[in-house]
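The values are calculated or read from the model by the stated rules, or taken from the named source; none is laboratory data. On a predicted model such as this, the values are computed, not experimentally measured, just so you know. Quick reminder, even Gly has a Cβ in these numbers, built from the backbone with ideal geometry, and neighbours come from all protein chains shown.
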Amino acid sequence: MAFRDWLKGELIDIIQWLDDTSNTMVYRFDRRNNEIKGGAKLVVREGQAAVFVNEGKLADVFGPGTYTLDTKNMPILSTLLGWKYGFESPFKAEVYFVSTRTFTDLKWGTLNPVMLRDAEFGPVRIRAFGTYTTRVSEPGAFIKNVVGTDGRFTTEEIINQLRNLIVSSFTENIAQARVGVLDMAGKQGEVAALLQTKMKVDFAKYGLDLPTLLIENISMPPEVEAALDKRTSMGVLGNLDAYTKMQAADALKDAAKNPGTAGTFLGVGVGQSMAGMVGSTMNQAQSAQGVGGSPPPMNAGPQYFVGINGQQQGPFDAGTIAAMAGRGQINGQTLVWTAGMANWQPASQVAAVATHLAPAMPPPMP
C-alpha cells in the first residue's frame with residue numbers, strides 16, 4: 001500500500017513555467033495530448049497567471065501560488081468536464097501561462113507627418129515619438145481577444161497594433177488640444193497625460209493596462225526648423241540696421257587700408273545701402289503692427305553716404321547734406337554715393353548734392 005502511494009506521488013505532474021526571455025507575454029504549457037493527471041501540482045510564480053482552456057472554452061484562471069488541481073479549486077473546469085467526484089484519471093486541458101509583469105521601453109512614433117493648423121504659422125506638419133509600458137491586466141480577456149491558440153505570444157506580435165492605436169489617438173487629441181507648435185515642448189507632459197487617459201480605455205479592450213506613456217519629442221520638417229532658426233537669429237541680432245552699419249564700417253576701414261580695392265569699397269557701399277533699405281522696411285512693418293519705432297518722414301528723398309577722413313558715414317537726406325555743407329564738413333571733392341550710382345563720385349559731380357554746396361570763391365583780384 002505504501003509503495004502504491006509512493007508510485008502515485010511520483011506520477012503527479014508539476015505544471016510551471018520558468019521564463020528566461022524578456023518579451024514573452026503568453027506561453028502554452030506543453031503536455032502530450034494535453035493530458036494532466038488528477039492531483040497535479042500547479043506552480044504560478046509572481047508576475048504570472050495560469051489560464052485553463054477546455055475544448056476552446058475559457059475555464060479557470062489562477063494567480064500566483066501553488067495549487068493541487070482538484071474539484072475544489074477548479075470549479076469551472078469541473079463543471080465543463082462533468083466530474084462530480086474529483087479527478088481520478090487524466091483529463092485534457094490547455095494551460096496558458098500569462099506574464100503579468102510590466103513590459104517597458106516600448107516605442108511608438110508617427111510614420112508620416114501629422115497635419116495641423118497652427119495659429120501662428122498656419123498649416124504645419126509635425127512628427128512625434130516616445131515610449132510606453134504595458135502589462136496584461138485581464139489574462140482571460142487577453143487570451144480570448146488577442147492570443148487565441150498561439151503557443152508562444154511575444155510583444156513583437158502586438159506592438160505594431162498598439163503603436164497604431166497610440167498614433168491615431170495622438171493625432172486626434174493634439175488637434176483638439178489647440179496647443180501652438182512653439183508651446184508643445186513645454187506641454188508635452190500635459191498632452192501625454194491626456195493621451196494616456198484616453199488610451200487606457202482602448203488598451204482595456206485587449207485585456208491590457210497602460211501604466212506609462214511618454215512623449216519624448218515633437219518636431220517639424222527640417223525646412224521649417226531652418227526657417228525658425230533664421231528667425232531666431234534675427235531676434236538675437238536685435239537692431240539689424242545698427243548691426244549692418246557696424247559691419248559695413250569695419251569693412252570700410254579694411255578698404256581704406258588698401259586704396260587699390262575700389263571694388264571692395266563699392267561693394268561695401270552697396271551692402272550698406274541694402275542694409276539701410278532692409279532696416280527701413282523692418283521699421284515700417286513694426287510701426288504698422290504697433291510694435292514700436294517711428295514712421296518714416298513723409299516725402300523722404302534719396303539717402304546719401306559720404307566719405308569723411310576715409311570713413312563712410314550716413315545715410316543722410318538732402319537737408320542733412322545741406323547742413324553739413326554749411327558747416328564745411330563736406331565740399332566739392334568729398335566722395336558721395338546713393339542707390340543707383342555705379343560708383344562713388346565727388347559731390348560737385350552729383351547734381352542733387354552740388355546744389356547744397358557753397359559756391360566756389362572767385363580768384364583773387366589782380
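Residues in segment 273-329 that are charged (D, E, K, R) and either surrounded by 13 or more Cβ atoms within 10 Å (Cβ to Cβ) or modelled with pLDDT under 50 (or both): ASP317 only. Restricting segment 42-66 to residues that are modelled with pLDDT of 90 or more and of a type outside the set (A, V, I, L, M, F, W, C) leaves a set whose member that is nearest to VAL146 (Cα to Cα) is GLN48. Going through (1) outside the structural domain of VAL146 (by TED's automatic domain parsing); (2) surrounded by 19 or more Cβ atoms within 10 Å (Cβ to Cβ); (3) at pLDDT below 90 one by one, GLY82 falls short only on (2). Identify the residue in segment 93-143 that is modelled with pLDDT of 90 or more and basic (Lys, Arg) and, among all such residues, is farthest from LEU194 (Cα to Cα). Within segment 93-143, the match that is farthest from LEU194 (Cα to Cα) is ARG101. The set of residues in segment 148-185 that are assigned to a loop (DSSP other than H, G, I, E, B) and buried (at least 17 other Cβ atoms within 10 Å of the Cβ) comprises ILE158, VAL179, MET184.
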